[in-house]
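Working notes for the structure below.
The values are calculated or read from the model by the stated rules, or taken from the named source; none is laboratory data. Just so you know, these numbers come straight off a predicted model, no measurement behind them. For neighbour counting, all protein chains shown are included, and Cβ atoms are generated from backbone atoms with ideal geometry for every residue, glycine included. Ligands, DNA and RNA are stripped out before the accessible areas are found, and what is left, the full protein with its side chains, is counted by its heavy atoms. Shrake-Rupley method; radii C 1.70, N 1.55, O 1.52, S 1.80 Å.
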Amino acid sequence: MKLPRSYYNWTSFIGSLIVVIALTLIVFLFIISTIFDQGGSYLGLFIYMALPALMIVGLILIPIGMLINLRNNATEEGYKKRKKPTIDLNDPRHQNAFVIFVISSLVFLFLTSIGSYEAFHYTESVAFCGTLCHKVMDPEYVTYQHSAHANVACVECHVGAGASWYVKSKVSGLYQVYSVLFDKYPRPIETPVQDLRPARETCEKCHWPEKFYARKLRVQKNFLADENNTEWDIVMQMKTGPLYSALGLKEGSHWHINKDVKIEYISSDNSRESIPWVRFTNLRTGESTIYIDEENPLDDSLMATLPVRAMDCIDCHNRPSHAYKSPPDYIDNALISGSISKDIPQIKYIAMDALKDPFTNKDTAFMYIDSVVTTFYQSDYPEYYAENQEKIAKAVAGIQEAYSLNAFPYMRVTYVDYPDHIGHLETNGCFRCHSDLHVSESGKTISKDCNLCHTIIAQGIPGEMMVTNVFDTLEFQHPVQLRNDVWKVAFCSECHKNLFQ
Ligand code: HEC
Ligand code: HEC
Ligand code: HEC
Ligand code: HEC
Ligand code: HEC
Ligand code: HEC
């Protein structure tokens, strides 16, 4: 089969060769990845991005070669006369080229539409976001997999619907690729994420504010760091909403997202940890109240420069998908699940001791945990150790595993770097505003009353628990006696931020 003479040149040959090779590879890799499910997320990078780009380069080379060829072979005069190439379908060479061009264009368009559909899905996939630059996204990906949102794609929260956010995310993605390739990214990645899409357009697609969340019973087991790992349980009724669903968002924690309520605040630093100024506006009456933190007020000139943020879901639920637990918390969970045996004397204590220093990498952390725990039992409990070596080895593995799901030394991420704002134990969370120190002009405060957000139904050591019913509440009793019941005035975080350091 003959083609137009201009086609016979090296540039067009090489172009065609590139097209054929790229297309073959695309088909081959596509079969491997879809039918045999091999290759992981990297393969997608080739199938949907690198190889199609290469193929387009090849396709462009073909006409370029032809044009150069035409130009070189045309006599000076002839070239001037016939500036544009002519297509003559009576010439069999032209006819062949035309047929090939039309058919391959159709095939190409067809493949492009499938390809771009697949490329869209691929770049929106959890594997793409979570595993492609695995070291960087490791903390988020690991915590995500253990969250309530493990089946919600990253992009549902981070991109959301609509073309403009898609484009925005891909543009910022290009910068991220650059910063990963040239090691320019910050460790840990800075939070709060400043350009996170507003919760209204993401979270509220699945959890709309009008949806009533009943009060929830929260049953919690704690283990103290003493000889017997004494168990201390707390059963609380969380007042997410009011007691009766008919009351809607009239009270409870989700009162904040009532359509008639607008709460704005100014944070004195970018982290949103310290909130000296709060304004509550009743949108129905238009009345507003400003609360100022008496202990650290903002000076007016500084205040004018700081942004005012309207509170939404993220101001309480800032870790819906990436919750980094603290050592006391994740070790308690491991003791509950049994991956660490709670019969081993002082196991909570020694685990806390082994985990108190920040580590620079996972391997040293694992070795250190092993050596601290094992040496402790060898020297302090030699007989127990001799009889329970296996149990202790299993506990060591349990501590290591719990650690690796919650601390990520490579990215310098722990619960301290990414504080959780729901609650008030290790960071101030709700107490950033609910401090009893934020006062309005008329003397009203944002309350720290222990029964405002939850009631305590039962607490104590199993077998000798204090109990009441869901309509009543117990006064909180701190699990270990604190001098002057200091928890009543101090913030819990003053001690709990680094309880074992
Ligand atoms: C349920 C919603 C949700 C899902 C699903 C989700 N994220 Fe997030 N993510 C958030 C929120 C909210 C923040 C903001 C935290 C802040 O600003 O303090 C965040 C923060 C981040 C951060 C900044 C660092 C950090 O840990 O706070 C990264 C990186 C991240 N997410 C990546 C991912 C990846 C990768 C996935 C999928 C594997 C994912 N996210 C899935 C809601 C989500
Ligand atoms: C694509 C839908 C979807 C989106 C978007 C989404 N969620 Fe969820 N969310 C879920 C599902 C599904 C669950 C699990 C429900 C269950 O366990 O019954 C859940 C559970 C939760 C829970 C309860 C967690 C727990 O431990 O039980 C909270 C809190 C929550 N989501 C907050 C958020 C916030 C905040 C955002 C926005 C950053 C968000 N969600 C975005 C679907 C979504
Ligand atoms: C003032 C803080 C605050 C705000 C703002 C807030 N929540 Fe919550 N939310 C809570 C608390 C507290 C709970 C109960 C937590 C618990 O049980 O430990 C909760 C519980 C939930 C749950 C789980 C309900 C259940 O019973 O399983 C979901 C889902 C949820 N919130 C979604 C949202 C969404 C979506 C938004 C934004 C539209 C939002 N929340 C705004 C504080 C808040
Ligand atoms: C940015 C400041 C701020 C933060 C953070 C905050 N709140 Fe509030 N909260 C307020 C204000 C202001 C009020 C209304 C005080 C008033 O005028 O009575 C309020 C009221 C409440 C009420 C009483 C609602 C009613 O009338 O029944 C509950 C319950 C509540 N908050 C729970 C929480 C919980 C739980 C958290 C943490 C997850 C939290 N809040 C975090 C500012 C905040
Ligand atoms: C503004 C709302 C609010 C107020 C006021 C408040 N709490 Fe809480 N508290 C919470 C929330 C929300 C959680 C649940 C955190 C979570 O889901 O992890 C919590 C959790 C707890 C827990 C369980 C701790 C744990 O291990 O996570 C205890 C105990 C507790 N609160 C005691 C108190 C006491 C005592 C007071 C009074 C000094 C108080 N709370 C005042 C909102 C509040
Ligand atoms: C003066 C310091 C101090 C203050 C303030 C304080 N705690 Fe504690 N808390 C401790 C110590 C010490 C322990 C014992 C830890 C252990 O042995 O495991 C403890 C243990 C606990 C435990 C059980 C074990 C655990 O680690 O979860 C809970 C629950 C608890 N505290 C809740 C609170 C709450 C809620 C507040 C605030 C209302 C608070 N604490 C304020 C010092 C303090």
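Taking the chain as the reference, fit the longest principal axis to its C-alpha atoms, fit the long axis of helix 92-123 to the helix C-alpha atoms, and give the angle between the two in degrees, 0 to 90, nearest 10.
0
Just flag the trypsin sites (Lys or Arg not before Pro) in the range 133-197 sitting in loop per DSSP whose Cβ has no more than 12 other Cβ atoms within 10 Å.
Answer in residue order: Lys184.
Just to confirm my numbers, what's the Cα centroid distance between the range 271-288 and the range 301-345 in Å?
24
Can you list the GluC sites (Glu not before Pro) in the range 446-501 that are in a DSSP coil and have 15 or fewer other beta carbons within 10 angstrom?
Within the range 446-501, the qualifying GluC sites (Glu not before Pro) (loop, at most 15 other Cβ atoms within 10 Å) are Glu464, Glu475.
Taking the alpha-carbon set of the chain, what are its Rg and Dmax in Å?
31.8, 107
What is the log10 of I(q)/I(0) for the range 127-185, computed with the Debye formula using one identical point scatterer on each Cα and no solvent, at q = 0.15, 0.22, 0.29 Å⁻¹?
Ignoring solvent entirely, the Cα scatterers give -0.50, -0.98, -1.21.
Of all the accessible heavy-atom surface of the range 127-185, with the other protein chains kept in place and a 1.4 Å probe, what percent is carbon and sulfur?
Working: 2340 of 3630 Å².
Exposed carbon and sulfur together represent 65 percent of the surface.
How much area per residue is accessible in the range 100-204 when the probe is 1.4 Å and only protein heavy atoms are counted (Å²)?
Ligands and nucleic acids excluded, the result is 63 Å² per residue.
What Kirkwood hydrodynamic radius do you get for the range 319-364 when you take the inverse of the mean 1/r over all pairs of distinct Cα atoms, in Å?
Roughly 12.0 Å, rounded to one decimal.
Debye sum, Cα scatterers, the range 365-445, no solvent: what log₁₀ I/I(0) at q = 0.17, 0.18 1/Å?
-0.80, -0.84
Would you mind checking the radius of gyration and Dmax of the range 220-260 based on alpha-carbon positions, in Å?
17.1, 52
Under 19 Å from a point placed 7 Å out from the Cα of Val219 along the Cα-to-Cβ direction: which residues of the range 453-471 have their backbone N that close?
Flagged as within label range: 455-471.
For Asn318, list long-range residues whose amide hydrogen, built 1.01 Å from N in the peptide plane, is under 5 Å from its own amide hydrogen.
His421, Ile422
Given the range 100-240 reduced to its alpha-carbon atoms as identical point scatterers, what log10 I(q)/I(0) does the Debye formula return at q = 0.11 Å⁻¹?
Debye output, listed in q order: -0.67.
Across the Cα atoms of the range 187-265, what radius of gyration and what greatest pairwise Cα-Cα distance (Dmax) are found, in Å?
Just the Cα atoms of the range 187-265 yield Rg and Dmax of 18.2, 52 Å.
Using Cα pairs closer than 8 Å and at least 6 residues apart in sequence, work out the relative contact order for the chain, in percent.
Contact order relative to length: 14 percent.
Calculate, in nm to one decimal, what Ala119 and Ser440 gain on full extension: separation in residues at 0.36 nm each, minus their alpha carbon distance.
Contour length minus the Cα-Cα distance gives 110.2 nm.
Sorted from largest to smallest, which semi-axis lengths in Å does the alpha carbon gyration tensor of the range 375-501 give for its equivalent ellipsoid, taking the root of 5 times each eigenvalue?
Taking √(5λ) for each eigenvalue gives 37, 22, 14 Å, largest first.
Which distance in Å, rounded to a whole number, links the C-alpha centroids of the range 135-192 and the range 429-488?
Rounded to whole Å, the Cα centres lie 37 Å apart.
Measure off 7 Å from each Cα along the Cα-to-Cβ vector at Thr375 and Thr34, then give the distance between these two points in nanometres to one decimal.
Computed distance between label sites Thr375 and Thr34 equals 5.8 nm.
Could you pull out the GluC sites (Glu not before Pro) across the range 358-442 that fall in loop regions by DSSP (anything but H, G, I, E, B) with no more than 16 other Cβ atoms inside 10 Å?
Glu441
Quick one: accessible area per residue over the range 366-450, 1.4 Å probe, rounded to a whole number of Å²?
Here the per-residue accessible area is 51 Å².
Which whole-number percent gives the relative contact order of the range 327-411, counting Cα pairs below 8 Å spaced six or more residues apart? List each step's numbers first, then the result.
Working: 68 pairs, mean separation 36.3, N = 85.
Relative CO of the range 327-411 lands at 43 percent.
Rounded to the nearest percent, how much of the accessible area of the range 332-376 (1.4 Å probe, protein heavy atoms only) is carbon and sulfur?
Taking all protein chains in place, the range 332-376 shows 54 percent carbon and sulfur surface.
Roughly how many percent of the accessible protein surface of the range 242-325 is carbon and sulfur, given a 1.4 Å probe and a whole-percent answer?
Details: 2570 of 4850 Å².
About 53 percent, which is the carbon plus sulfur part of the accessible surface.
Points 7 angstrom from Cα along the Cβ direction at Tyr384 and Leu181: gap in nanometres?
5.6
Rule-of-thumb check for the range 241-287: C-alpha Rg over 2.2 N^0.38 Å? Don't skip to the end; give the middle numbers.
Details: Rg = 13.3 Å, N = 47, 2.2 N^0.38 = 9.5 Å.
Expressed relative to 2.2 N^0.38 Å, the Cα Rg reads 1.40.
Would you calculate the volume per residue, in Å³, of the smallest convex hull containing every Cα atom of the range 295-374?
Values: hull volume 15.8 nm³, N = 80.
Spread over its residues, the Cα hull of the range 295-374 gives 198 Å³ apiece.
Enter the accessible area per residue of the range 296-339 (Å², integer; probe 1.4 Å; all protein chains in place). Please list the in-between numbers first.
On the way: 2180 Å² over 44 residues.
Result: 49 Å² per residue.
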